[in-house]
Every structure is written in structure tokens, then in C-alpha cells.
Amino acid sequence: MKITVYPDKCVGVGQCVVAAPTLFSQNDDDGQVIQLKQKPDAAEYQAARAAVRLCPASALAIEED
Amino acid sequence: MQTRQDIPDFPIPRECPVHPPAAYTTFQERDEPSKVRMWNGKDAWIFTRYADVKFILADSRFSIVPTRENFPNVSAARAAIRAKDKTFISMDAPGHTRYRRMLAREFTVKKMEAWRPRIREITNGLIDDLLARGNRAELVHDFCLPLPSLVISELLGVPYDSHAFFQEQSRYRVRMDITPDVALAASKRMMDFLDGVTRDKEALDDPGDDIIGHLIADQLRTGEISREELVGIADLLIVAGHETTANMIALSALSLALHPEQLALIRQDRARIVPAVEEMLRYHTIAHFNGSRVALEDVEIRGHKVRQGDGILALANAANRDPAVFACPNDVDITRDASAHIAFSFGVHQCLGQSLARVEMQEALALLFERIPDLRIAATVDELPFKGNVFVYGLHQLPVEWG
């Protein structure tokens, strides 16, 4: 699995950080998404999918293997 | 198909105070979208299925600019307030994006978690006061409202001794049963007050480590925004920051008190307060009339064409009770995964302060029932004054007792 982030679309509500704190963080200066890991471990797949589903601004996408 | 006579006036009254109107279920079951008639006699499409509502709220072909022809404002007072509003909640991208970027850093998950100890301290202080005064209270006035008011005052840098004033002006903002003149006058009083707060801070070399202070230092003094814009943002944050959360705390306290089996689950495992709050957000969805848009072009939704210029209501309040997504949607069930709810809306306008609201609700509800385990509602549900015709749903009062 590979996650792609589109920072231009991010509105900084942090849903991804709540859903997948090991994969995403927020920039202190503008709240924008920071990707911590591009390829999640198998144990993080569920959280990654939740983050993508919950993002209100389509700023995240997943490429399944 | 709906005939002209079948088009109901919006808002549609609720039959039961804790459920959306039964008509939303009828709308959900129809294959074609339905229409409702607004206060000014204009019709709007109403969307109630979860998938449709999410689709509309996330799609930039639907505009949130409230002065557009056919924009379905829900009352004359709301129309007057929204027409004057110059903040980013009344803008489409890209104008909207610039202001969101300025403010997102103030409400990050990390920053709100850092505020949790202070929010807990404020909550405990309010519960100490409740317990010291006896074994009865009016929970809205004594707990639900002061908690988020204190927190947003500190976050913004607005003196809390003005809370009675700003709470009253905020109440006018969400009322729908007043004339436009009364609504606008209340709005003006609030703006004048916040203009004064801003000018006092501007007079200082260091305007303060709070949101208004940051906006003065980083945006006003650098010419990014005007004082009028800053005051508008402060007004938006103060109203959105306490009126909404106060109502969610009151309705959730009621629901948990009425469902002791759910409360027992939280008592067994305090970590369950997190999914419990998501379920409360889904179940109550207090921005119950939120979701007005205008189609900027012809758009096909589930085979039905919405035409350019049509007014649209995409109601999260209905979507969060869609049985296609949430099984037995009218049941309170804190063990369900309610995280996909759209109580904070969806799309680029989703609530900026949602992480703050979550921390406040988690602390308020966990501590309230932990420290007052035998808290009871001192009235029947029928006797409680629900806020029917108010833009943000909730309770005017919630009498409780214990001991």
C-alpha cells in the first residue's frame, strides 16, 4: 500500500492525525498535513484507509498493492 | 413525484425532540430528490441520503456564497446575518482557503491535546461549584455554557468577565424567530465589543499569546488582513466556539442519563468516552439546518439533474441517520463505529474547531458522570425546552438533580 498526500487540498482539520497518528501529523505553522510514512506497515492499513475515508477535502489517496 | 401541494415548508417540525423530522426518512426512501419551500417562498432541493449529502458538500460545483440567487437561507433573520457576513464561511475556494490556512494552526490536534489539562481544570472547577451549591442545578446555565465559553475566551484572548454579554449576543445569532433588524443589531453589538478588544490588544507591543494576538501580530500588522476582517473572524470563532459545544454537552448529558446501560459501558472502560462522543455527535448533529448551497452548473446526482442556479439543502442531520450507513440509526449505541458521521459537515468547510469540540465534550461528559454518578434529569423529556426553531439545536434548560 502506498499513500499519496495532496497538501494543496488540505484544510487542516486533522482527521488523518486522529485516525492514523503514526502516518500523519500537522504542521505547527499552518495545520497542514505532514506525511510521516509513505508505505504503511500491514498493521497500519486499517488506520490508513480510515484516514483517507475521513479526510473531508480529498487530500489523501491510497494505492493498494 | 412530489406535486406542488406536497412541497413542505422548511424547517419541517420534529415529531420527537431527539429525532429529525419523520419526513427525512420519507425523502431518503424516494428514488428522486424532494423539494422543500423556504421562508421566502422559494423552493430548494433537499438531500437526505448520506452518500448524496457527502457528495454535494465535497463538490466545488456547489457554492456556499449566501448572497447568490436561490441560496436557501432558513429564515429572514439568517438571510440578513449571512448577507452581511464577510468571513471565509461565506466564501468558496480559493478565497476561503487563504483564511482557513491562517487559522488551522490554532486548532490542530496537537494544540488541542495540549489544552486538555486546562480544559479538565475548568471542567472540574465548574463541577466543584455545582456540588458546593447543593443537589440540584440547571445544567445549561451552570455547566454546559460556561465550559466552552471560558475555553474559547482564553483561546481567543477575550476577557471572560464579558461572558454574559457575548453569550446573549450569540443567542440572537442563531435565533430564527426574530426580525432581521433585531438580528443585525445584536451582531453589531458583538462586533463593536470585539473591535474594542482588538484595539486594546493592538495598543500593546506584544498583543498576546492567544488567537487574536497572533492574528494582530502575524496578519494585521503585516497587512494580510484588515481590522474589520480580524473582528469578523473573532466573532465567528466566539459564536461557533461556545454556542455549538454547549448544546452538544447538554444533549449528550441528557442522552447518557436516559441510557444508563450506555453510561455503564463508559464506567467499565473510560476510553469508551471517545467513541461515545462520536456517537453523540452523529445522533444529535446539532447544526440541524446546515448545508445550504447553490449549484454553479448542471450536476447529475444519482441520475437526477440539478440545474445551474438551483438552491440545495444537503442535510448532515438527515445523513447521519441514514440506515444504509448506520444500522438502527435512531438508537444510541456507543459501541458502534460512528466516526464516519458528518456532524461537523464535510468538504472544505468542515468545522475548523472540531478537535477542540471533541476534547471539551470528552472531558465534560466523562468528568460529569464520574463525579456525579447518580446525576438524574429532574423532568420528563416532554417537559424539557428543546430549541426547535433555532439554527443550532439544543436545550434552553436542563434541570438535573443528584443525591
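The values are calculated or read from the model by the stated rules, or taken from the named source; none is laboratory data. All figures in this text were calculated on a predicted structure; none of them were measured in a lab. Backbone-built Cβ (ideal geometry, glycine too); neighbour counts: all protein chains shown.
For the reader, a short list of remarks on this structure follows.
- Members of region A:19-31 found to be in contact (Cβ under 8 Å) with a residue 12 or more places away in the chain and at the interface with another protein chain (Cβ under 7 Å from one of its Cβ atoms), listed by number: A:Gln26, A:Asp30, A:Gly31
- Filter result for A:Ala61 (closer than 21 Å to B:Phe344 by Cβ and either within 9 Å of the chain's Cα centre (by Cα) or part of a loop (DSSP other than H, G, I, E, B) (or both)): no
- Cβ-Cβ contacts under 9 Å between residues 6 or more apart (or on different chains), taken from a first residue in region B:229-240 that is over 11 Å from B:Met191 (Cα atoms) to a second residue that is of a type in the set (Gly, Ala, Ser) and not in a helix (DSSP H, G or I), are listed as B:Leu237/B:Gly353; B:Ala240/B:Gly353.
- Those strands (runs of 3 or more DSSP E) of region B:266-338 in which at least 2 residues are farther than 27 Å from B:Thr244 by Cβ, considering only elements entirely within it, cover B:299-301, B:304-306.
- The set of residues from region B:350-371 being assigned to a helix (DSSP H, G or I), of a type in the set (S, T, N, Q) and facing chain A (nearest Cβ under 9 Å) comprises B:Gln354, B:Ser355.
- B:Phe346 being more than 14 Å from every other protein chain (Cβ to nearest Cβ), farther than 26 Å from B:Asn124 by Cβ and buried (at least 22 other Cβ atoms within 10 Å of the Cβ): no
- Taken over region A:32-52, the criterion of being in contact with a Gly (Cβ under 9 Å, 6 or more places away or on another chain) and either more than 12 Å from chain B (Cβ to nearest Cβ) or part of a strand (DSSP E or B) (or both) is satisfied by A:Val33 alone.
- Test: residue in region B:327-340 that is surrounded by fewer than 21 Cβ atoms within 10 Å (Cβ to Cβ), over 22 Å from A:Ser58 (Cα atoms) and either modelled with pLDDT under 95 or within 14 Å of another protein chain (Cβ to nearest Cβ) (or both): no
- Residue match in region B:66-87 (condition: within 14 Å of chain A (Cβ to nearest Cβ), under 16 Å from B:Gly232 (Cβ atoms) and surrounded by fewer than 21 Cβ atoms within 10 Å (Cβ to Cβ)): no
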